[in-house]
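Asks: I'd like to ask some things about the structure below.
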């Protein structure tokens, strides 16, 4: 696959936002300071009910701002699918994906430039809201269907760490790869959509995590450092989707001949235990426990669904139609 030259490529930033206009304002202000600048910015308004629409209507950037307004909240998965489809229709060569609760560092695109001739899917490093390095170094254990943290400093001997998962809070990906792999599976709604997407990409191309800071989170989160991994606070919807989406992950693993029923079942128990630990140790509550069980049952229904199909490759839609797949049960 030919990867566009970093010096001439049309790089679009794709942002998905929902009811966080304050964070979005900070992000857009930081994008305005990027040097070099992107070709354009696509913001997907996921049916926000706060001041997001007014902000997007009045914001001026030194580059085109393309707004994709959804009639309903399709979650992070559906939002990024819509934003990526719009960027491809606008002629993007590269897509840099991010949530609304980060800001970009002024030299981020210059930092990426040194790697874009080698990789077609890569991630830079992030700072947390306190300005400390944000922990993200994972690998998907295909047997368990669980992403496991890699201990230690992965950049101690090399400036690049090869992984097999992705994170939509900062993934930079070549448009050709998206056309080949397809859009993110909107049925995920949220939680695990980027992990699966990165794994699908890694089956064909290297996925890189590079030693260059490009983002800083602006939303503080409660978290617990367990030494071997970090646990952040969550929500009942995220808990449900995280367990439910194991059904979709299992189906994708099956398609590639990587699904091991017994081991994956162990991974499901481990995932449920992790969510219970998150509730007790981070959120100091057990009220969200039923959502873990409901998500588990939903995953089993997905595994029994004879009509399930993977996300198809991206095709440019005919005028008046949409490339966005129909969202599934978002519960």
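The values are calculated or read from the model by the stated rules, or taken from the named source; none is laboratory data. Since the model is a prediction, treat every value here as computed from it, not as a measurement. In this analysis, Cβ positions are derived from the backbone assuming ideal geometry, glycine residues included, and neighbour counts consider all displayed protein chains.
Asks: Looking only at residues that are surrounded by 15 or more Cβ atoms within 10 Å (Cβ to Cβ) and closer than 29 Å to residue 105 by Cβ in region 234-245, which one is modelled with the lowest pLDDT? Working first, answer last.
Replies: Of region 234-245, the ones surrounded by 15 or more Cβ atoms within 10 Å (Cβ to Cβ) are 234, 236-245.
Checking which are closer than 29 Å to residue 105 by Cβ leaves us with 234, 238.
Details: 234: 66, 238: 89.
My answer is 234.
Each row is one residue, and each column tells you yes or no for (1) in contact (Cβ under 8 Å) with a residue 12 or more places away in the chain; (2) farther than 17 Å from residue 119 by Cβ; (3) buried (at least 24 other Cβ atoms within 10 Å of the Cβ); (4) more than 16 Å from the chain's Cα centre (by Cα).
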site	(1), (2), (3), (4)
144	yes, yes, no, yes
147	yes, yes, no, no
150	yes, yes, no, yes
154	yes, no, no, yes
157	no, yes, no, yes
160	yes, no, no, yes
164	yes, no, no, no
173	yes, no, yes, no
184	yes, yes, yes, no
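Asks: A further question on this structure: So which residues in region 42-65 are under 28 Å from residue 237 (Cβ atoms) and not in a loop (DSSP other than H, G, I, E, B)?
Replies: Restricting attention to region 42-65, the residues satisfying the condition of being under 28 Å from residue 237 (Cβ atoms) are 42-56.
Matches in region 42-65: 42, 43, 44, 45, 52, 53, 54, 55, 56.
Asks: Quick one: would you say residue 270 is surrounded by 11 or more Cβ atoms within 10 Å (Cβ to Cβ), out of contact with any helix residue (DSSP H, G or I) (no Cβ under 8 Å at 6 or more places or on another chain), modelled with pLDDT of 75 or more and part of a helix (DSSP H, G or I)?
Replies: Numbers: surrounded by 11 or more Cβ atoms within 10 Å (Cβ to Cβ): yes; out of contact with any helix residue (DSSP H, G or I) (no Cβ under 8 Å at 6 or more places or on another chain): yes; modelled with pLDDT of 75 or more: yes; part of a helix (DSSP H, G or I): yes.
Considered against the rule, which asks whether it is surrounded by 11 or more Cβ atoms within 10 Å (Cβ to Cβ), out of contact with any helix residue (DSSP H, G or I) (no Cβ under 8 Å at 6 or more places or on another chain), modelled with pLDDT of 75 or more and part of a helix (DSSP H, G or I), residue 270 comes out as yes.
Asks: If you go through region 46-57 one residue at a time, do you hit one that is at pLDDT 95 or above, buried (at least 16 other Cβ atoms within 10 Å of the Cβ) and closer than 21 Å to residue 109 by Cα?
Replies: Checked against the condition, which is being at pLDDT 95 or above, buried (at least 16 other Cβ atoms within 10 Å of the Cβ) and closer than 21 Å to residue 109 by Cα, region 46-57 yields no hits at all.
Asks: I would also like to ask the following. Which condition number does residue 309 fail, the rest of (1) surrounded by fewer than 16 Cβ atoms within 10 Å (Cβ to Cβ); (2) out of contact with any helix residue (DSSP H, G or I) (no Cβ under 6 Å at 6 or more places or on another chain); (3) in a loop (DSSP other than H, G, I, E, B); (4) modelled with pLDDT under 90 being met?
Replies: (4)
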